[in-house]
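The values are calculated or read from the model by the stated rules, or taken from the named source; none is laboratory data. Just so you know, these numbers come straight off a predicted model, no measurement behind them. In this analysis, Cβ positions are derived from the backbone assuming ideal geometry, glycine residues included, and neighbour counts consider all displayed protein chains. Each accessible area value is taken on the protein alone, full model and side chains, heavy atoms only, with ligands, DNA and RNA left out. Shrake-Rupley method; radii C 1.70, N 1.55, O 1.52, S 1.80 Å.
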Amino acid sequence: MSLTISAKCSAIAPSATLAMDTKAKELKAAGENVISFAAGEPDFDTPVHIRNAMKDSMDMGMTRYTPVPGTMELRDAIIARIQADRGLTYTRGEIIVSNGAKHTLYTAFQTLLDPGDEVLIPTPCWVSYPEMVRMAGGVPVYIEGKEENGFVPSAEELAAKITSKTKVFMLTSPSNPNGCVWSREMLQAVADLAVKHDFYIIADEIYSKLVYGDKEHISIACLGDQVKERTILVDGVSKAYAMTGFRIGYAAGPQNVIKAMSNYQSQATSAPNSAAQHAAAVALTGDQHCVETMRVAFEERRNRLVELINQIEGLSCVKPDGAFYVMMNVKALIGKSYHGTVLKDSAAFAETLLMNLHTVVVPGASFMAEGYCRLSYATSMENIVEGMKRIAAFVKELK
Ligand code: PMP
Ligand code: GLU
């Protein structure tokens, strides 16, 4: 044998969002005045009562392994939260806690997919879904969401992609990266197809608390027992409670799927961090005002960012209804050059902007959306205004 990396692992692309975020943090550490629209994490401090819970957990002796699918305390907190927010009833055996929702999603794909099974993914999509599907031996099948339709595909476009190998529909509402919130009508169309063709729905609801204007988040599992039986509802504490570093995510779903995920997790990673599980339980059961305070701040930033983007000639964006991302359309600027550097695609746009104006955006190609760059508004209003000033100056120089 030779000293090689496996073919499976060599084929994995690193996460573009984390790569851009790391680049921004490195430049900042080197003393550069960087404005980053890359971060997919709230810039707010974790609320103080949650931080205190984390400190208390040590004195409470939470220093040992917990049951693989999570502590009784946290699973009960999750059950109560889901019941209060969505009116859905789950039992302890239908809940699993993992090291962040990313880990939950990874385990769900590993649990559900056999080689060649197809996963329907509306695009633009979060960077990690296609790679996770491939890591589990599955095949990503993309359904293009067009900007003029708010990035949500039609029921016909969706139905056209279903084959006998369709195992999972990947639903992300509110969406990362495009911020769309799926309507009840479209969710019903997905639900009807899932029941008719017997496939699972993985509903990534990590941004469910971040919805703006008159839009509301609807959980697809609420559309009837037959849909609920086919849905793995994924959520976590990272985004709603500014707890990205705690690494706690969870799933609620059919008992046989959750049991299989727990078996997989028992061999791969065991239960997540016990102290963080206590802090997450306090977050889910404690005062929820902090969630609303952050949501309101995100909505104000969204409004300002969208306004600033649409003021710049050559750039545009649709107003997203949820999460904290905007897809900035840069198509009109592709092919132009910045002091001799040709912007041949969204990656070149992002790279040239970063190198010259120290402003970080994530190129669209990694979200299956060439011609766009993703901007996160999980950053201060001051940074948003300064960052957009730099982007306007950059665009002005393009020939
Ligand atoms: N799903 C989506 C759509 C996300 O943007 C993220 C953010 N990383 C996650 C899942 C995972 O979040 P975490 O692992 O921090 O819970
Ligand atoms: N979900 C965030 C993002 O899309 C965090 C980084 C990641 O895990 O991809 O930027």
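Count the net charge of all other residues whose Cβ sits under 10 Å from the Cβ of Val119, scoring Lys and Arg as +1 and Asp and Glu as -1. Every neighbour counted, the sum reads +1.
Dipole size of the chain about its Cα centre, with +1 on Lys/Arg Cβ and -1 on Asp/Glu Cβ: approximately 620 debye, rounded to the nearest 20. Here, P(r) means the percent of Cα pairs in each 10 Å bin from 0 to the largest distance; for the chain it is 5, 23, 32, 26, 12, 2, 0.
Restricting the calculation to alpha carbons of segment 50-193 gives Rg and Dmax of 18.2, 56 angstrom. Roughly how many Å is it from the Cα centre of segment 239-277 to that of segment 1-48, as a whole number? If you average the Cα positions of each part, the centres end up 22 Å apart.
Potential lengthening of the chain between Thr89 and Glu382 amounts to 101.2 nm, from the contour at 0.36 nm per residue minus the alpha-carbon distance.
Percent of Cα pairs in segment 107-163 per distance bin of 5 Å, from zero to the largest separation: 5, 20, 26, 21, 17, 8, 3, 0.
Could you check how much of the accessible area of segment 290-361 is carbon and sulfur, as a whole percent, using a 1.4 Å probe? The computed percentage sits at 49.
The Cα atoms of segment 122-232 give a gyration tensor whose axes a ≥ b ≥ c have a/c under 1.5, which makes the shape rounded. In the chain, taking the dipole from charged Cβ atoms about the Cα centre, the farthest positive-side position among Thr22, Gly116, Pro177 is held by Thr22. Ordering Asn33, Ile50, Ile248 by Cα displacement along the dipole of the chain toward the positive end leaves Asn33 in first place; charges were set at the Cβ atoms of Lys, Arg (+1) and Asp, Glu (-1). Count the DSSP beta bridges whose two residues both fall in the chain, then state the antiparallel fraction as a percent rounded to the nearest 5. If we restrict to bridges inside the chain, about 50 percent are antiparallel. For the chain, the per residue solvent-accessible surface stands at 42 Å², with DNA, RNA and ligands left out and a 1.4 Å probe. Backbone amide hydrogens, once placed in the peptide plane, bring Tyr200 within less than 5 Å of Val168, Phe169, excluding anything fewer than 5 places away on its chain.
Binning the alpha carbon pair distances of segment 269-338 at 10 angstrom intervals from zero yields the distribution 16, 28, 22, 18, 14, 2, expressed in whole percent. Of the solvent-accessible surface of segment 35-105, computed with a 1.4 Å probe over protein heavy atoms with every protein chain present, carbon and sulfur atoms account for 54 percent. In the assembled protein chains, Lys259 presents an accessible area of approximately 120 Å² (probe radius 1.4 Å). Taking the charge dipole of the chain about its Cα centre, with +1 at Lys and Arg Cβ atoms and -1 at Asp and Glu Cβ atoms, the residue from Leu193, Val168, Val152 reaching farthest to the positive side is Val168. Note that segment 148-164 has calculated 3J(HN,Hα) couplings of 5, 9, x, 6, 9, x, 7, 4, 5, 4, 5, 4, 5, 9, 6, 10, 5 Hz, one per residue in order, obtained from phi through the Karplus relation 6.51 cos²θ - 1.76 cosθ + 1.60 (θ = phi - 60°); glycine and proline are x. The alpha carbon convex hull volume per residue for segment 1-64 rounds to 212 Å³. Computed in the context of the full set of protein chains, the accessible area of segment 184-259 at 1.4 Å probe radius has 43% of its extent on carbon or sulfur.
Size descriptors for segment 279-399 (Cα atoms only): Rg and Dmax, in that order, 16.3, 56 Å.
For segment 314-361, a Kirkwood hydrodynamic radius built from all Cα pairs, placed in the Stokes-Einstein relation at 25 °C and 0.890 mPa s, yields a translational diffusion coefficient of 210 µm²/s.
Among 58-68, 309-319, 1-11, 229-239, sorting by the average number of other beta carbon atoms lying within 10 angstrom of each residue, highest first, gives 229-239, 309-319, 58-68, 1-11.
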